[in-house]
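Structure first, then comments.
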Amino acid sequence: MTKRLMLGLLAASCLLVVPLTTVAQEAAPRRAPEISQQSAAREKKNAADAAEWNKIPAPTDPRDFSGVWWTRGYDRTFRPVTNPRLSPAEAARLLPMTPNEAASRQHHLDMEKAGTPVADAPTQCFPHGVPRLIASPYPIQFVYSPGMITILHEVAHNVRYIHMDSKPAPADTPRTFLGYSVGHWEGNTLVVFTDHFNDRTQIDEESLSHGLKLTVIERITKFTNKYGGAELRNLITIEDPDHYTQPWTAERLFPWRGDIRLTEYSCEENNRNAPVNGVTVAK
């Protein structure tokens, strides 16, 4: 091969490489800098919030949850704990629903899309139910007393009693909106088992339902988050063989809020979403 021919081939290969490189650069996400800026701003705000919320620090005992906690943001759905990169729609497809539950969920979604969502307990000022109550975007407070841990929820003044005697519900225990809860400690994790539910509530605000066989196990652990603040992690395992083909676990996080106290909440006053004939009509 002559020197002139080699130079010619080299020049041709450069012509091929340059356009491909240019195309790759043009195909790069154009919104990446904006997303990065939004993430940085969110992280800065979260760090500032943690500094404010922890001016009055949480109890240092890992088993002492006394005080007020408040979930950051609002997620009205429960989805299985999965790869955090999955979108809510992708995570929803992992729900182990029975055929009847899948049909029920679709009905709820269709009704909401039509502007006439199906009424559930909270729209009528009844207790939210468990686990739906855990997702409400209102503060909660843990109160300790002998043989009992009480969780006060600001929303609708729902109150949960966690019996720490490790005894199952008495035989005459009625079925209620919030069920009967029994707790014990596994290391520094509070494990709460709840059953004896009625069937008048939903799993979440969007679409998931349950029946009389529902049981809920919560595993609540206190940890220090990346902002240096105290936080509770609640892993919630849901089991109802009539609605789900296997148990599945969701997660909720509650940062410490040493800067606030629970306030008055009246569901009945100015309830603009009260149902009519079982249908909620938003006003």
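Observations
- Each residue of segment 250-264 was assigned a 3J(HN,Hα) from its phi angle through the Karplus expression (A = 6.51, B = -1.76, C = 1.60, θ = phi - 60°), giving 10, 9, 9, 10, 10, x, 5, 10, x, 9, 9, 9, 5, 10, 5 Hz with x at Gly and Pro.
- Rounded to the nearest Hz, the phi-derived 3J(HN,Hα) couplings of segment 64-79 under the Karplus curve 6.51 cos²θ - 1.76 cosθ + 1.60 (θ = phi - 60°) are 9, 9, 3, x, 10, 9, 8, 4, 7, x, 8, 10, 7, 10, 10, 9, where x marks glycine and proline.
- Too-long pairs where the Cα-Cα distance tops 27 Å, listed order kept, from Lys55/Lys167; Lys113/Lys222; Lys45/Lys222; Lys44/Lys113; Lys55/Lys226: Lys55/Lys167; Lys113/Lys222; Lys44/Lys113
- Trp248 long-range amide H proximity, modeled H, under 5 Å: Ile238
- Cα-based shape type of segment 73-119, given that a ≥ b ≥ c are square roots of the gyration tensor eigenvalues and the cut on a/c is 1.5: oblate
- Integer Hz, Karplus 6.51/-1.76/1.60 couplings in order for segment 179-188, x for Gly and Pro: x, 10, 10, 10, x, 7, 9, 10, x, 9
- Per-residue SASA entry for Ser87, accessible area with 1.4 Å probe, Å² rounded to 10: 40 Å²
- When the residues Glu269, Glu251 are ordered by accessible surface, computed with a 1.4 Å probe over the protein chains alone, the sequence from largest down reads Glu269, Glu251.
- Between Ile260 and Arg219, full extension at 0.36 nm per residue minus the direct alpha carbon distance yields a gain of 12.3 nm.
- Here's how it looks for Met148: its modeled amide H is under 5 Å from those of Met164, which are all 5 or more places away or on a different chain.
- Pair Phe126, Thr245: separation of 7 Å Cα→Cβ label points (nm): 3.0 nm
- Comparing Tyr138, His157, Ala92 along the charge dipole axis of segment 74-194, the residue lying farthest to the positive side is Ala92, per the Cβ-charge model.
- Heavy atoms of Glu186: accessible area, 1.4 Å probe, square angstrom to 10: 90 Å²
- Cut-off under 5 Å, modelled amide H: who pairs with Arg257 long-range: Val68, Trp69, Trp70
- Computed E for Trp185/Lys44 - FRET, C-beta separation, R0 35 angstrom, nearest 0.05: 0.45
- Residues Arg85 and His157, FRET efficiency given R0 of 35 Å [Cβ-Cβ distance, rounded to 0.05]: 0.40
The values are calculated or read from the model by the stated rules, or taken from the named source; none is laboratory data. Treat the numbers as computed from the prediction; the structure is a model and nothing was measured. Heads up, the Cβs are rebuilt from the backbone with ideal geometry, glycines too, and the neighbour counts pull from every protein chain shown. The area values use the complete protein model at the heavy-atom level, side chains included, leaving out ligands, DNA and RNA. Shrake-Rupley method; radii C 1.70, N 1.55, O 1.52, S 1.80 Å.
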